[in-house]
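Encoded as structure tokens, the structure appears first; notes follow it.
The values are calculated or read from the model by the stated rules, or taken from the named source; none is laboratory data. These numbers come from a predicted model, not from an experiment. Quick reminder, even Gly has a Cβ in these numbers, built from the backbone with ideal geometry, and neighbours come from all protein chains shown. Just so you know, the surface numbers come from the protein's heavy atoms only, side chains and all, with ligands and any DNA or RNA stripped out. Shrake-Rupley method; radii C 1.70, N 1.55, O 1.52, S 1.80 Å.
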Amino acid sequence: MLRLHDTATGVVRPLELRDPGHASMYVCGLTVNDLPHIGHGRMALVFDVIRRYLVFSGLDVHHVSNVTDIDDRIIDRAVSEGRTEPEVAAEFEGAWWEAIDALGILRPDEAPHATAYVEGMVALVTDLVARGVAYQTSTGVYLDVEKIDGYGLLARQSLDSLRSGARVEVDPEKRSPLDFALWKTAKPGEPTWDSPFGPGRPGWHTECVVMSLDLLGDGFDLHGGAVDLIFPHHENERAQAVAEGRAFARHWVHNGWVMTGTEKMSKSLANFVTIAQLLEGTDSRAYRLLALRSQYRSQMQVTPETIADATSALDRLDRLAERFSVRPQPTLATVAISSDAGDAPDLVAAEVETFRAHMDDDLDTPGALAGIFDAAGRANALGDAGDTDAARALAETVGVLSAVLGIALGGRDSVVMDEETAGLVTERDAARASREWGRADDLRDALVERGFVVEDGPNGTTLRR
RNA sequence: GGCGGCGUGGCCGAGUGGUUUAGGCAGGGGCCUGCAAAGCCCCGUACGGCGGUUCGAUUCCGCCCGCCGCCUCCA
């Protein structure tokens, strides 16, 4: 069974499911106010792999990830660009799904929009006020953090230390600087919804509580996002659920930052690369490989060097797949496929077991990948030694396990040759057949000049890249 | 000020109290090849510094140095 680090308890522990055989996960999605960058990509990749691995482990997975389509920055952008908020949100939500698809990430089963859940949020806020844990001021409705048992659990800090470190501006109407907005009173020109507290819009932390509980039910299994969401976002979601007396996420999972050099990638530092920019010159699978080569909780280095490194590594797996004609794997590899042992059941079983052991250990994808690369090397060695059946079985396994990580091997387009290039290849084969080495080498140079890697095999000259 | 993480061989990046190595990329040597490419084999003997615990620490403890993050919107 998968063991994962749980932010609430601070330890790695088994993902104990609410309903055996069924896993429910809620991943905090994006606020669609700008283009998605590779940090967002890492986050989505991490949870995509968790999902794929759970499916591989034989579970039914219900994956929900929200879209926050109303917030301050969307409003700011709409105002400054003379557009409506829905127009802005639609544009960047489109960019988000494009990026998700381009990265080979499975779309969630459901992607609720905040604006579609305002009614539920109003009901929640109304109830929190009725319970006496929330209060209204001139600017909105706030949750009284002092009334929440265990506030600071996820931040792993006491209320006192949180309070002393608070950097928010003092709002004299708020009982504590930590109290957060459940409902924001409308300012002129802003999109508004009606409520018992007057026209306004919901605060950010409320949507996820309402949507996750509505779609996944009380006590759903896993709630995730990047580390920056731990506090205040997830802390505040939890606070609302606690105040309502409802069982919330059983397990909290957070992934680490993308770094460029020593800096965190962020918009304020203007050092971010959008996913679309990355994919202009990089195989999306190489970025996935790069991301999975770091443990999901640690910071990950993304530089031109690490991208090139991952690209070379991926190339090695692709060549293995091509050498042994590894079959394309289904989008979601399942347990049944893993037991397809081919002609070397022991070899395959050992690989799958190693893979599982790593993955179960807090999603140790670096270890799992080490096993995959090791198996790739052994498959090639077996092939060189003439044990084709065993080599093929191992190569197939590499293909399946890579697919569980979302890396589809063997899917590269075969090299498309124009007529002239094809002619050079034919000429070269003829030259080699008649042992005219000088001419063969000249023809190879000509092909290399055209950007191809030339390989001579039993069936003559083949080209790559 | 409070809380937390990290410092591993040229680079990325795992891991562990001591018998034999993560893995990848780059580099060197070899096999294979007409020569290459690809593939395979071998290699460099790494764990920030100073103390401590221990028969023995990269792995545990303390201190120091350096880096990063959260405490405000943020994936």
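What's the number of the condition A:Thr139 fails, among (1) touching a Ser or Thr at 6+ places or on another chain (Cβ under 9 Å); (2) crowded, with 16+ Cβ neighbours inside 10 Å?
Going through (1) touching a Ser or Thr at 6+ places or on another chain (Cβ under 9 Å); (2) crowded, with 16+ Cβ neighbours inside 10 Å one by one, A:Thr139 breaks only (2).
Over 15 Å from A:Val210 (Cβ atoms), assigned by TED's automatic domain parsing to the domain that holds A:Val210, touching a residue at least 12 places away in the same chain (Cβ under 8 Å) and part of a helix (DSSP H, G or I) - does that describe any residue in the stretch A:102-124?
Yes, the stretch A:102-124 contains a residue that is over 15 Å from A:Val210 (Cβ atoms), assigned by TED's automatic domain parsing to the domain that holds A:Val210, touching a residue at least 12 places away in the same chain (Cβ under 8 Å) and part of a helix (DSSP H, G or I).
How many residues are part of a helix (DSSP H, G or I) and surrounded by fewer than 20 Cβ atoms within 10 Å (Cβ to Cβ) if we restrict to the stretch A:360-371?
Of the residues in the stretch A:360-371, the ones part of a helix (DSSP H, G or I) are A:360, A:365-371.
So of that shortlist, the ones also surrounded by fewer than 20 Cβ atoms within 10 Å (Cβ to Cβ) come out as A:360, A:366-367, A:370.
The number of residues fulfilling the criteria is 4.
Within the stretch A:142-175, take every residue that is polar (S, T, N, Q) and not in a helix (DSSP H, G or I) and give me the one that is surrounded by the fewest Cβ atoms within 10 Å (Cβ to Cβ). Steps first, answer last, please.
Filtering the stretch A:142-175 down to residues polar (S, T, N, Q) leaves A:157-158, A:161, A:164.
Filter again for not in a helix (DSSP H, G or I), leaving A:157-158.
Details: A:Gln157: 16, A:Ser158: 11.
Across the stretch A:142-175, the extreme among qualifying residues is A:Ser158.
It is to be established whether one or more residues within the stretch A:116-128 are farther than 23 Å from A:Asp72 by Cα and away from RNA strand B (no atom under 12 Å from the Cβ). Write out each step before concluding.
Residues of the stretch A:116-128 that are farther than 23 Å from A:Asp72 by Cα, as a first pass: A:127-128.
Those left that are additionally away from RNA strand B (no atom under 12 Å from the Cβ): A:127-128.
Within the stretch A:116-128, one or more residues are farther than 23 Å from A:Asp72 by Cα and away from RNA strand B (no atom under 12 Å from the Cβ).
Does A:Ala357 satisfy the condition of being exposed (fewer than 14 other Cβ atoms within 10 Å of the Cβ) and under 27 Å from A:Arg51 (Cβ atoms)? So that I can check it myself, show each step before the final result.
Values: exposed (fewer than 14 other Cβ atoms within 10 Å of the Cβ): yes; under 27 Å from A:Arg51 (Cβ atoms): yes.
Yes; evaluated as a whole, the condition is true for this residue.
Any chance you could count how many residues in the stretch A:50-62 are in contact with a Ser or Thr (Cβ under 8 Å, 6 or more places away or on another chain) and either closer than 14 Å to A:Thr274 by Cβ or surrounded by 23 or more Cβ atoms within 10 Å (Cβ to Cβ) (or both)?
Selection size over the stretch A:50-62: 1.
Are any residues in the stretch A:101-130 closer than 11 Å to A:Val67 by Cβ and hydrophobic (A, V, I, L, M, F, W, C), and if so, which ones?
A:Ala111, A:Ala114, A:Ala116
Is it the case that A:Asp221 is open to solvent by 10 Å² or more (accessible area, probe 1.4 Å), among the charged types (D, E, K, R) and either under 30 Å from A:Leu59 (Cα atoms) or modelled with pLDDT of 95 or more (or both)? Even if it seems obvious, please write down each step before you answer.
Details: open to solvent by 10 Å² or more (accessible area, probe 1.4 Å): no; among the charged types (D, E, K, R): yes; either under 30 Å from A:Leu59 (Cα atoms) or modelled with pLDDT of 95 or more (or both): yes.
Taking the combined requirement at face value, the residue does not satisfy it.
Please verify whether A:Leu278 is of a type in the set (A, V, I, L, M), near RNA strand B (Cβ under 9 Å from one of its atoms) and open to solvent by less than 50 Å² (accessible area, probe 1.4 Å), treating the condition exactly as stated. Before you say what the answer is, go through the steps one by one.
Numbers: of a type in the set (A, V, I, L, M): yes; near RNA strand B (Cβ under 9 Å from one of its atoms): no; open to solvent by less than 50 Å² (accessible area, probe 1.4 Å): yes.
Considered against the rule, which asks whether it is of a type in the set (A, V, I, L, M), near RNA strand B (Cβ under 9 Å from one of its atoms) and open to solvent by less than 50 Å² (accessible area, probe 1.4 Å), A:Leu278 comes out as no.
Could you list, in sequence order, all residues of the stretch A:65-94 that are assigned to a loop (DSSP other than H, G, I, E, B) and over 21 Å from the mean Cα position of the chain (by Cα)?
Residues of the stretch A:65-94 that are assigned to a loop (DSSP other than H, G, I, E, B), as a first pass: A:66, A:69-71, A:82-84.
Within the stretch A:65-94, A:Ile70, A:Asp71, A:Gly82, A:Arg83, A:Thr84 qualify.
Please find, among A:Pro345, A:Pro304, the residue that is at pLDDT 85 or above and of a type outside the set (S, T, N, Q). Don't jump to the end; show me each part of the working.
Working: A:Pro345 fails: at pLDDT 85 or above.
Unique residue meeting the criteria: A:Pro304.
List every residue pair whose Cβ atoms sit under 7 Å apart, with the two residues 6 or more apart in sequence or on different chains, where the first one lies in the stretch A:450-465 and is closer than 13 Å to A:Arg428 by Cβ and basic (Lys, Arg) and the second, anywhere, is at pLDDT 80 or above and surrounded by 11 or more Cβ atoms within 10 Å (Cβ to Cβ).
Going by the 7 Å Cβ cut-off, the qualifying pairs are A:Arg450/A:Thr421.
So A:Gly39 passes all but one of these: (1) open to solvent by 10 Å² or more (accessible area, probe 1.4 Å); (2) part of a helix (DSSP H, G or I); (3) more than 16 Å from RNA strand B (Cβ to nearest atom). Which condition number does it fail?
(3)
Does the stretch A:245-258 contain any residue that is within 29 Å of A:Thr9 (Cα to Cα), touching a residue at least 12 places away in the same chain (Cβ under 8 Å), more than 10 Å from RNA strand B (Cβ to nearest atom) and among the charged types (D, E, K, R)? Outline the logic, then answer.
Looking only at the stretch A:245-258, we keep the residues that are within 29 Å of A:Thr9 (Cα to Cα), and these are A:245-258.
Cutting the leftovers down to touching a residue at least 12 places away in the same chain (Cβ under 8 Å) gives us A:246-258.
Filter once more, so that each one left must be more than 10 Å from RNA strand B (Cβ to nearest atom): A:246-253.
Next cut, among the charged types (D, E, K, R) only: A:246, A:250.
Taking every residue of the stretch A:245-258 in turn, at least one turns out to be within 29 Å of A:Thr9 (Cα to Cα), touching a residue at least 12 places away in the same chain (Cβ under 8 Å), more than 10 Å from RNA strand B (Cβ to nearest atom) and among the charged types (D, E, K, R).
Does A:Ala241 meet the test of being in contact (Cβ under 8 Å) with a residue 60 or more places away in the chain and either within 19 Å of the chain's Cα centre (by Cα) or in the same structural domain as A:Arg51 (by TED's automatic domain parsing) (or both)?
Working: in contact (Cβ under 8 Å) with a residue 60 or more places away in the chain: no; either within 19 Å of the chain's Cα centre (by Cα) or in the same structural domain as A:Arg51 (by TED's automatic domain parsing) (or both): yes.
Taking the combined requirement at face value, the residue does not satisfy it.
Name the residues in the stretch A:156-189 that are more than 9 Å from RNA strand B (Cβ to nearest atom), in contact with a Lys or Arg (Cβ under 7 Å, 6 or more places away or on another chain) and not small (Gly, Ala, Ser), would you?
Within the stretch A:156-189, A:Lys184 is the sole residue that qualifies.
Looking only at the stretch A:1-34, count how many residues are part of a loop (DSSP other than H, G, I, E, B) and surrounded by fewer than 18 Cβ atoms within 10 Å (Cβ to Cβ).
Step one: filter the stretch A:1-34 for residues part of a loop (DSSP other than H, G, I, E, B), giving A:1-2, A:7-10, A:15-18, A:20-21, A:28-30, A:32-34.
This time we only want the ones that are surrounded by fewer than 18 Cβ atoms within 10 Å (Cβ to Cβ), so: A:1, A:9-10, A:16, A:18, A:20-21.
Of the residues in the stretch A:1-34, 7 are part of a loop (DSSP other than H, G, I, E, B) and surrounded by fewer than 18 Cβ atoms within 10 Å (Cβ to Cβ).
Please specify each residue of the stretch A:300-319 satisfying the condition of being closer than 22 Å to A:Val46 by Cα and within 6 Å of RNA strand B (Cβ to nearest atom).
Those that are closer than 22 Å to A:Val46 by Cα and within 6 Å of RNA strand B (Cβ to nearest atom): A:Met300, A:Gln301, A:Glu305, A:Thr306, A:Asp309, A:Ser312, A:Ala313.
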